[in-house]
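Input: a single structure, listed below in structure tokens.
Each value in this text was obtained by applying a stated rule to the coordinates, not by laboratory testing. Quantities reported herein were computed from a predicted structural model and do not represent experimental measurements. Virtual Cβ from ideal backbone geometry, glycine too; neighbours counted across all protein chains shown.
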Amino acid sequence: MKSSFKDFVTYFFSLFFPNRCIFCDRLIDPFEDCCNECESTVHFIRGEICKRCGMEKADCNCKSKRSVGYDAVAAPLYYEGDVKSCIRRYKFKDRRNISKALAKLMYGTLKERFSDIKFDYVTYVPMFPKKERARGFNQSRLLAREISELSGIPFGDKMLVKLYDTDNQHDCTGLERTGNLIGVFDLSENYDVR
């Protein structure tokens with residue numbers, strides 16, 4: 001009964017606020033996240049992946065052997081084409097409504113790639129307060145909260161602190177991005193994760 005009421009509410013709201021594909025922005029069924037065309041054309045990351053860059057081994061071009069400061073990385077999709085447009089709309093055009101759909105994709109990858117790991121927290125990269133106020137939200141915080149709800153892993157809110165403002169990452173080259181964030185974050189005193 002609860003599910004059918006929720007479905008009714010979803011359908012009712014779709015009459016006034018039609019659902020759109022998160023990738024191409026076409027009108028779609030109120031219970032879907034993306035259209036059939038995008039489902040078949042966006043490039044999902046499948047098979048064996050490089051733990052350093054998260055790409056399929058066949059597509060990996062990691063040449064650097066420098067330390068990266070993490071054990072593994074994974075993503076559900078390649079950042080290209082309609083996926084890139086989707087992320088840019090999400091971050092820069094205030095499309096918070098696609099958080100749930102993106103989080104579902106990320107959670108699917110989390111279950112698939114890291115099923116043997118018991119995570120203590122799901123957290124996010126904080127923004128400098130001035131930039132977060134200007135944007136109106138922190139997209140990675142919304143995603144982390146959604147993933148926490150889907151997975152049951154506790155949400156580590158305000159676990160990290162951004163100590164000072166930096167240049168926007170999207171304005172930097174690859175090498176500049178790395179240097180841009182050195183020493184910028186610290187662990188909040190509210191968490192003991194040693």
Among 132, 176, 48, the residue with the largest mean-square fluctuation in a Gaussian network model of the chain built from Cα contacts under 10 Å is 176
With +1 on the Cβ of every Lys and Arg and -1 on the Cβ of every Asp and Glu, the dipole magnitude of the chain about its Cα centre, in debye rounded to the nearest 20, is 320 debye
One checks the Cα atoms of the chain and finds Rg and Dmax, in Å, of 18.3, 55
Here, residue 104 and residue 167, labelled 7 Å along Cα→Cβ, have an inter-label distance in nm of 3.9 nm
Here the gain from full extension of residue 91 to residue 185, 0.36 nm per residue of separation minus their alpha-carbon distance, amounts to 31.8 nm
Along the range 180-190, Karplus-curve 3J(HN,Hα) (6.51, -1.76, 1.60; θ = phi - 60°) to the nearest Hz, with x for Gly and Pro, reads 4, 10, 5, x, 8, 10, 9, 7, 5, 5, 6
In this structure, among 93/118; 51/104; 63/130; 100/131; 6/91, pairs with alpha-carbon gaps over 25 Å are 93/118; 63/130; 6/91
Per the rule of 0.36 nm per residue minus the C-alpha distance, extending residue 43 to residue 6 adds in nm 10.2 nm
Once the dipole of the range 92-194 is set up from charges on Cβ (+1 Lys and Arg, -1 Asp and Glu), the residue from the list 98, 190, 136 lying farthest towards its positive end is 98
If 164, 107, 121 are placed from fewest to most neighbouring beta carbons inside 10 Å, the sequence is 164, 121, 107
Applying the span-like rule to the chain (DSSP H, Cα extent along axis at least 15 Å, Kyte-Doolittle mean at least -0.5) gives 2-16, 99-113, 139-151
The farthest towards the positive end of the charge dipole of the range 31-123, of the residues 69, 43, 85, given +1 on Cβ of Lys and Arg and -1 on Cβ of Asp and Glu, is 69
The value for the range 79-187 (convex hull of the alpha-carbon atoms, volume per residue, Å³) is 128 Å³
Listed residues 40, 140, 148; largest mean-square fluctuation, Gaussian network over the chain with Cα springs below 10 Å, found at 40
Residue 58 and residue 177 label points (each 7 Å along its Cα→Cβ direction) are spaced in nm at 2.4 nm
Only helices counted: for the chain, with every DSSP H run of 4 or more residues adding -39500 (n - 2.57) and the sum spread over all residues, [θ] at 222 nm is -11500 deg cm²/dmol
Toy charge model, Lys and Arg Cβ at +1, Asp and Glu Cβ at -1: the range 79-187 dipole around Cα centroid in debye, rounded to 20, equals 460 debye
